[in-house]
């Protein structure tokens, strides 16, 4: 059985546009880091000043995001560090889903703890908060979060980075939290001086409970996707289609059977394709031509990929 492995990951052979994507990814993560630090300090300080559990929740979420974004930068650097490649012969693509799993678990835990605390506040009669000061915070925070989320989303359309996608989910969640604060405290502010002023103490914990329940959906989604990658579950039909189509054409030309195994892990796609070729001698040049065709198909899915192509005449090697 002859085989060939093709891997587009090393710095000395990486296309220039991949390097440009890496620089852009780092830049966006640094922007996210700076914005997160600002909102973490702003939210926590304002929340303590106004005695708002909702705003404190938002600030603590930002501090957790700050740590997770910093961790993302460390992992991104490690993924592209090739000094210790001998210790990771199959690459470090699995670092990315592992990080996303950790981030998702942290965010889900925070939402659950906040929900329990908010429910406790509601049962104890609510929490008095100045809705006017809370509204000022909500407006500033909402506009800032929307701006950062749009920036990340726009850039990631070209890069298709799992790390930036997780970062976008964090900012989208923070935007929803801020919108919830804006809506809830707006209603609370309007209710003052009316027959519905009794709802004002319940606005803050009710918002924490509601937003925690809504926001937890985002880390759950990221967790499921990353966990599938970490378990090396077979790639979906959308990712398989270009390789499957090319493999079928090649098998038809060679009058051969084939077996395709394919997984997507982080920013890398791993492909193993075995051809059962009976009573036929293939020249090395022909084999390389087939591999180049598969490489071209792989580039339509991921810029970084690992391709292992095997040719055999023994059924047990298929």
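Just so you know, all these numbers are worked out from the coordinates, no wet-lab data involved. All figures in this text were calculated on a predicted structure; none of them were measured in a lab. Cβ sites come from the backbone with ideal geometry, for glycine too, and all protein chains shown count toward neighbours.
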Give the range 215-239 a look and list any residue that's farther than 16 Å from residue 106 by Cβ and not in a helix (DSSP H, G or I), or say none.
231, 232, 233, 234, 235, 236
Residue count, the range 89-137, condition without any contact (Cβ under 8 Å) to a residue 60 or more places away in the chain and in a loop (DSSP other than H, G, I, E, B), comes to 3
When every residue in the range 184-210 that is without any contact (Cβ under 8 Å) to a residue 24 or more places away in the chain and assigned to a helix (DSSP H, G or I) is compared, the one nearest to the chain's Cα centre (by Cα) is 187
Look at the range 101-157 and say how many of its residues are within 18 Å of the chain's Cα centre (by Cα) and more than 30 Å from residue 28 (Cα to Cα).
0
